[in-house]
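Every number in this text was worked out from the coordinates using simple rules, so none of it is lab data. Here the structure is a predicted model, which is why all the values come from computation and not from measurement. For neighbour counting, all protein chains shown are included, and Cβ atoms are generated from backbone atoms with ideal geometry for every residue, glycine included.
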Amino acid sequence: MVAKTVGHPLKHNAVISNMTNKLDLIKILVAKFRLAIEQTDKNKLTGSCINFPNGSCDDVSILLAKYLMENGFFDINLIKGGFDNKSHNWLEVENYVVDITADQFEFTESYIVASNSDWHNQLIIHSRIKPNIDNYDNHTRHLFLEAYDAIINNLSN
């Protein structure tokens, strides 16, 4: 089934369709957000997002969570995990693995959206939290929102 994209019913170019498969809908939203990040002027991004996708998994996952929430997905956790003394963070959305920075590792895909990921299953999970920009101090929240607005401005229709 083909998704139809329309402007602003859920605030930002929401994907509207008769799809019953949430996985397909999440894939579309993640692909759009990923492309928008890649098209955003790095001077308008903040913190680790400047080096996207390398080392930006925490900040970018928080921004992606905001976008997914604005598009109707609320069952979202930020997973903080790691392997070999390295940390890595990704989202769990409606029980799906959503990793927008997978290509900083040795994946051929730039991101992963799947019901299961053998690679993620091998990681040690340190915490699972609800991502929320409002939980940060005023300065950090401001930086997140500036970066988010810059990314949103690059979303394709």
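With each label modelled as a point 7 angstrom along the Cα→C-beta vector, the Q122-N85 pair spans 1.9 nm.
Relative contact order (percent) for the stretch 31-82, with alpha-carbon contacts under 8 angstrom and 6 or more residues of separation? About 23 percent, as a whole number. Within the stretch 117-157, the chymotrypsin sites (Phe, Trp or Tyr not before Pro) that combine a DSSP coil assignment with at most 16 other C-beta atoms in a 10 angstrom radius are Y136. If you take all C-alpha pairs in the chain, what percent of them are over 18 Å apart? Every Cα pair in the chain considered, those over 18 Å come to 57 percent. Counting only GluC sites (Glu not before Pro) that are in a DSSP loop and have at most 11 other C-beta atoms within 10 Å, tell me the longest site-free stretch of the chain. The answer is 1-105.
For the cross-link pairs K27/K66; K32/K80; K22/K66, which exceed 20 Å when the distance is taken from alpha carbon to alpha carbon? Table pairs above 20 Å Cα-Cα are K32/K80. Sorted from longest to shortest, the spans of the Cα atoms of the stretch 105-149 along the three principal axes equal 38, 24, 18 Å.
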